[in-house]
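Quick note: the coordinates plus some simple rules give every number you see, no bench work behind them. The structure displayed is predicted, hence computed values, not measured ones.
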Amino acid sequence: MEESLLLPKYGEERRSNTSILTWSSFFEEVKTLGCIAGPMVAVVLSQYLLQVISMMMVGHLGELALSSTAIAISLSGVTGFSLFLGMASALETLCGQAYGAEQYQKLGLQTYTAIFSLNLVCLPLSLIWIYMEKLLIFMGQDPVISREAGKFTIWLLPALFAYATLQPLIRYFQTQSLVIPMLISSCATLLFHIPLCWLLVFKSGLNNLGGALAISISYWVNVILLALYMKFSDACSKTRVPISVEIFHGIGEFFRFAIPSAIMICLEWWSFELLILLSGLLPNPALETSVLSVCLQTISTLYAIPYGFGAAASTRVSNELGAGNPQGARIATFAAMFLAVAETSIARGTGWQHIGAYINLGAFYLCGIPVAATLAFWVQLRGRGLWIGIQVGAFVQTMMLSLVTSCTNWEKQASKARERIFEGRPQQANGLCDKAESNEF
């Protein structure tokens, strides 16, 4: 029997006892998600605080240091960090579904492929960072602020390569629900970063450039800690594979998911960073940029909470789809929505990155940013107008993603996941489905 005929039958057989087991399965899934999401919130928050702490310490050096650092971090996020965060999200589909299908060796190879691919992308991006000063002046920013921001970005270059390596490693651990090692390494890195940043900013004579160097060093410390755990821990023995030429075979598949993933994540991230650039065009740009950047950094820190729940949801959804369990994916989705507004990461687990990209494009760039610009420059609300506009875009995004989620055919998504994982190996795919049917809950 063809695999495409198995899933609908599988789904129909399950519907008969769904009403009996729904609530017990739902609350069990809530418990599972909570065990993953709690540490993931701390992981995301501790990693994000590296930049926040550097900006806070640099802020004590004066208005120019703070505004230039804010612009530099904003542009480095737009042209580097957000891109890698989005591209690495492809592994939430590829590695998550491979792990659910018990294709452990494939998970390790996909991680190495992602690390190689993202470091390759670092090379052209480095040129953009080197010429950041000229780019900012071309965009109409203040020349003095642009010069200081350009210097900061150059000192941040080592962090670009570290981030390109760190994000695939995070997805490697996340998709296996190995959140405790990430929690320990991230918290240890944060504790290391605080005194390091203080020394480099206030005692080394580097001033604001010390903040950039501290971020770079701390990211590499986190990479080294995770790599050592991956290399020597028994928990990674099933997915640990030797580096070989096979990593090149998966580059095409990785980029097929990575590009729409990057677009989806970047469109949302860029909309927030664009506010900082727009604030540089307002009267008294140093003050406006400093105030708005602090507000955005604060709200982005709070965003770590739903993002952590989203990471947990993405892991559970992708694992269940890879295992050929559409009902499990459905329950994981509703449990995640019960815990937090995590619709975007639902999109990552199923491989809907292209849909998320279209929604973010419409919500933020056709709605939120035009509203922000109108309120800031025409209605003369300035920074408040920019803030109101981006919140309008976020609301529209939430409504559209909720609608898409409610209309999902989970049996079809599970079928697609197995076809992708076992492409060219139909016997293994059928065996997996038989196994899934025998493990109904």
Using θ = phi - 60° and Karplus 6.51 cos²θ - 1.76 cosθ + 1.60, couplings along segment 256-267 (whole Hz; Gly, Pro as x): 4, 8, 5, 5, x, 4, 5, 4, 4, 5, 5, 4
What's the extension gain from residue 191 to residue 139 if we count 0.36 nm per residue and subtract their Cα-Cα distance? 15.0 nm
Can you give the extra length, in nm with one decimal, that the chain gains between residue 119 and residue 361 once fully stretched, where that is 0.36 nm per residue apart less the Cα-Cα distance? 84.4 nm
Note: residue 227 to residue 206 extended length (0.36 nm per residue) minus current alpha-carbon separation gives 4.6 nm
